[in-house]
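J.: I am attaching a structure below and will ask some questions about it afterwards.
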Amino acid sequence: MEEKRKAIFVDRDGTILAEPADEQIDALEKFVFVPGAISGLRALTGLGYELVLASNQDGLGTPAFPQEDFQPLQDLMLRTLAGEGVVFDDILIDRSSPSDNAPTRKPRTGMFTRYLSGEYDLASCYVIGDRETDMQLAENLGAKGLRLGPDRGWKEIAELIRAADRRVCAKRKTRETEISLVLDLDGRGPSDIDTGLKFFDHMLSQLPHHGGVSLQLRCQGDLEVDEHHTMEDVAIVLGEAFARALSDKRGLERYGFALPMDECKALVLIDFGGRADFVWKVAFTREYVGDTPTEMFKHFFKSFCVAARCNLRIEAEGENNHHLAEAVFKAFARAIRQAVRRNVFSDEIPSSKGML
């Protein structure tokens, strides 16, 4: 099934341009950007959303002035934003006056007809504005509303939207396993893990504890056959979720960790660079730890590596096999924490190639 489109609808006066006391931007001296608007809008580019300017005011100024008197100010705004990499995919301007009670005037949705056609996942769309009518518009569209104000500036709005983009829900069902997963790279949400293998659950719980992510994971597997399918398929779904949540990797740290645990030491090096390569140098001396076969740990990490399209090198040594496995998973979680850290206002791709 084709994925639906997403959009961010942005009000103009009071949201992008500061609104003067008389609420009319009709002169160059009144042309002032809201603090953080340019960097905030730029931070929202490249996320897969169409950017739509939507205003109840015809151009800039007031309908009492001829359009040509203030059109240059609108053009100046658009040129300034374009110079910073912000280009609107669509511009919606309502030309009615408040007294007209027109169906195209926000918060009514008449101006947004093409976005109501079913092509857009409106529940995943946003309306950004500074007025209650903008929030009413979001409700009428079935979108999410983010109101700009003293307690929420452009920085916070950009962080909220970009953080939501790092949350993935996934399901996978085969004849051998049925898995559901919710992963949030920024740790916003509860964590609960149940794979049917208690020691494996204990190891996976290191990801939320030490990796700073939140993870809800359920797996019903054919454990009556053996543990292989459960651990392999969990690794695949988890790896694919990381690949999706990292998106285009703008502002990503990319790399990450070594740590000691009791008599053990573990080294985990990871690179979410889009290529899969795997090195494993860990020697277990027991067939099982708890209910989990130690031979499957190598296969778990290799399957994750391939699904996440990352380079992964794991080395560890120690005497106690429980400590050895836990040191590996803790170091893995810490590497994850370091590598997925992101500066939301950085547009940089962490690669000399310019893409990952």
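Values in this text are rule-based calculations from the coordinates and carry no lab data. As the structure is a prediction and not an experimental result, all values here were calculated from the model. Methodologically, a virtual Cβ is constructed for each residue, glycine included, from the backbone with ideal geometry; neighbour enumeration extends over all protein chains shown.
J.: Averaging over all projection directions, find the projected area of the Cα convex hull of the chain and quote it in nm² with one decimal place.
T.: Taking the Cα atoms of the chain, their convex hull projects to 20.7 nm² on average.
J.: Let me ask something additional. Give the percent of DSSP beta bridges with both residues in the chain that are antiparallel, rounded to the nearest 5.
T.: Roughly 55 percent of the DSSP beta bridges within the chain come out antiparallel.
J.: Give the order of 99, 191 when sorted by the count of other beta carbons within 10 angstrom, beginning with the fewest.
T.: 99, 191
J.: Filter the GluC sites (Glu not before Pro) in segment 75-159 to those in DSSP coil with at most 15 other Cβ atoms within 10 Å of their Cβ, and list the result.
T.: Here the sparse-neighbourhood loop sites are 84, 119.
J.: Report for segment 98-228 the percent antiparallel among DSSP-assigned beta bridges with both residues inside it, nearest 5.
T.: Just about 70 percent of them are antiparallel.
J.: Taking H placed 1.01 Å from N in the peptide plane, check which residues at least 5 places from residue 45 or on another chain put their amide H under 5 Å from its amide H.
T.: Answer set, sorted by chain and number: none.
J.: Just list whichever of 198/298; 171/281; 173/298; 144/330; 173/198; 6/173 have alpha carbons separated by over 25 Å in the model shown.
T.: 171/281; 144/330; 6/173
J.: Hey, another quick one. Divide by every residue of the chain the summed helix terms, -39500 (n - 2.57) for each DSSP H run of at least 4, and state the resulting mean residue ellipticity at 222 nm, rounded to the nearest 500 deg cm²/dmol.
T.: -9500 deg cm²/dmol
J.: A further question on this structure: Translational diffusion coefficient of segment 168-339 at 10 °C, 1.306 mPa s, Stokes-Einstein with Kirkwood Rh over Cα pairs, in µm²/s as a whole number.
T.: Translational diffusion coefficient: 100 µm²/s.
J.: Okay, moving on. Quick check on segment 168-339: of the DSSP beta bridges with both residues there, what percent are antiparallel, nearest 5%?
T.: Around 75 percent antiparallel, to the nearest 5.
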